[in-house]
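Structure first, then comments.
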2 protein chains.
Amino acid sequence: MRYSHQRERIFRAVSERCDHPTANMVYEQLKVEMPRLSLGTVYRNLNQLADAGRLKKIPLADGSCRFDKTKESHSHIVCDECGAVSDVHLPSFESFEQAIESETGYELRTYDVVLRGVCKDCRACMDQQAG
Amino acid sequence: MRYSHQRERIFRAVSERCDHPTANMVYEQLKVEMPRLSLGTVYRNLNQLADAGRLKKIPLADGSCRFDKTKESHSHIVCDECGAVSDVHLPSFESFEQAIESETGYELRTYDVVLRGVCKDCRACMDQQAG
DNA sequence: ATAAATAACAGTAATAGTTACTATGTAGGA
DNA sequence: TCCTACATAGTAACTATTACTGTTATTTAT
């Protein structure tokens, strides 16, 4: 993978945020300073960076993808109301791996566990509306 | 929800198969006997049936959805090679629910856990190719 | 049984998120 | 410095799904 100015800016953008941005969020942020940046370039580079292990790709239930700086292994929880994505630590499936494999006949590769719920802010908002 | 011939056939189609079909798979199956059936009708009814709790919707990481007859709670494992979806029993997150909620500040609603791996058939196939 | 109201339909167009294509530009080695 | 392959910008295409529009069919009330 050859160096490119765009790729490094895209990598830095994701690394410096905590909100697990979408490709489009990265694009919107960077195009202010890089007006000629194209959305396709952002998608291509995010996927390349994920393939290279420098970022983690988080495919969500609604078909969109979020990107995360890679740190120690963790799962994510998505707010059904506002779409926010937060980190969450779950007990690993590693201890069940054997049982899962023998039950299903599958060789387990990954488990991107994505929980869903309502975040603190949206709960406050909903409570207020309910009176 | 008013009765419709189409809806009942769509419900039966999903109930009678074990492969967690997509909307399009249901459409392909039924249009042989119902040539005027439209794909939009299949989507609309699958979602209505899921909302009504008569079927379960399984959104996958690639953005597509599968539909499942509702039975006792279980999770799913998807084959990365052929896309097959199988049932798998996992220990429930219920025991961690409290910990998750206090860690994240979220109110947990659902956890559609989708594991990924390689099914028995595809493993055999890959082994053969490798020699 | 008949008519009115409305949910559901078929067919088509539109949408969102993403990937592919094409011609131009640039990194990095010879 | 020049060459080659990878990267880019800009655009078109693609997939899964939803929305729109005029017609059909189920239900409710007469």
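The values are calculated or read from the model by the stated rules, or taken from the named source; none is laboratory data. Just so you know, these numbers come straight off a predicted model, no measurement behind them. Here Cβ is always computed from backbone atoms with ideal geometry, including for glycine, and neighbour counts include all displayed protein chains. Surface accessibility is based on the protein's heavy atoms, side chains included, excluding ligands, DNA and RNA. Shrake-Rupley method; radii C 1.70, N 1.55, O 1.52, S 1.80 Å.
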Excluding ligands, DNA and RNA, the carbon-plus-sulfur percentage of the accessible area of the protein assembly as shown with a 1.4 Å probe reads 48 percent
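Send over the per residue convex hull volume for the protein assembly as shown, Cα only, as a whole number of Å³.
It comes to 198 Å³ per residue, whole-number rounded.
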When every protein chain stays in place and a 1.4 Å probe is rolled, A:MET25, A:MET1, A:MET34 sorted by accessible area with the largest first are A:MET1, A:MET25, A:MET34
Copies of A:THR110 compared via label points 7 Å along Cα→Cβ give distances in nm, shortest first, of 2.2
homo-copy label distances at A:LYS57 (7 angstrom along Cα-Cβ), nm, one dp, ascending, are 2.4
Note: A:ASP121 to A:ARG12 extended length (0.36 nm per residue) minus current alpha-carbon separation gives 36.5 nm
Put B:SER95, B:SER86 in order of accessible area, largest first, probe 1.4 Å, and you get B:SER95, B:SER86
Summing -39500 (n - 2.57) over every DSSP H run of at least 4 residues in the protein assembly as shown and dividing by its residue count gives a helix-only mean residue ellipticity at 222 nm, to the nearest 500 deg cm²/dmol, of -12000 deg cm²/dmol
Rg (one decimal) and Dmax (whole number) from the Cα set of chain B, in Å, equal 17.6, 57
Label points for A:GLU94 built 7 Å along Cα→Cβ; distances to same position in the other copies, nm, shortest first, come to 2.8
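At 1.4 Å probe size, put B:HIS5, B:HIS20 in order of accessible surface, largest to smallest.
B:HIS5, B:HIS20
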With label points set 7 Å from each Cα along the Cα-to-Cβ direction at A:LEU39 and A:TYR3, the distance between them in nm comes to 3.1 nm
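For the protein assembly as shown, report the accessible area per residue in Å² (1.4 Å probe, heavy atoms, rounded to an integer).
57 Å²
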Chain A to chain B by rotation: the residue of A with the beta carbon nearest the axis and the rounded distance in Å are A:GLY63, 1
Chain A, Gaussian network, Cα under 10 Å: of A:GLN29, A:GLN98, A:GLN48, the residue fluctuating most is A:GLN98
For A:GLU94, the accessible surface traced by a 1.4 Å probe with all protein chains present amounts, in square angstrom to the nearest 10, to 130 Å²
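Over 32 Å between Cα atoms, which of A:LYS69/B:LYS69; A:LYS120/B:LYS56; A:LYS69/B:LYS71; A:LYS69/B:LYS57; A:LYS120/B:LYS120 qualify? Mind showing how you got there, number by number?
On the way: A:LYS69/B:LYS69 37 Å; A:LYS120/B:LYS56 27 Å; A:LYS69/B:LYS71 38 Å; A:LYS69/B:LYS57 30 Å; A:LYS120/B:LYS120 43 Å.
Distance filter (> 32 Å) returns A:LYS69/B:LYS69; A:LYS69/B:LYS71; A:LYS120/B:LYS120.
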Heavy-atom accessible surface buried between A and B, both sides counted, 1.4 angstrom probe, nearest 100 Å², is 3200 Å²
The relative contact order of chain A, taking Cα pairs under 8 Å that sit 6 or more residues apart, comes to a percentage of 20 percent
The extension gain from B:GLU97 to B:ASP112, computed as 0.36 nm times the residue separation minus the Cα-Cα distance, is 4.0 nm
The ³J(HN,Hα) series, computed from each phi in the stretch A:103-120 with the Karplus coefficients 6.51, -1.76 and 1.60 at θ = phi - 60°, rounded to the nearest Hz and given as x for glycine or proline, is 5, 9, x, 8, 8, 6, 10, 9, 9, 7, 7, 10, 8, 9, x, 10, 6, 4
Gyration tensor (Cα only) of the stretch B:1-70 to equivalent ellipsoid, semi-axes in Å sorted down, yields 17, 14, 11
Sorted largest first, the Cα spans of the stretch B:72-131 on the principal axes come out in Å as 51, 25, 16
Once all protein chains are kept in place, A:LYS69 shows an accessible area at probe 1.4 Å, nearest 10 Å², of 50 Å²
Taking Cα pairs closer than 8 Å and at least 6 residues apart, the relative contact order of the stretch B:1-70 in percent is 34 percent
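Estimate the FRET efficiency between A:GLN128 and A:ASP19 by the formula 1/(1 + (r/R0)^6), using the beta-carbon distance for r and 25 Å for R0, to the nearest 0.05. Please report the intermediate quantities before stating the final value.
Working: r = 23 Å, r/R0 = 0.93.
About 0.60, to the nearest 0.05.
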Relative contact order in percent for the stretch A:63-131 (Cα pairs under 8 Å, 6+ apart) equals 36 percent
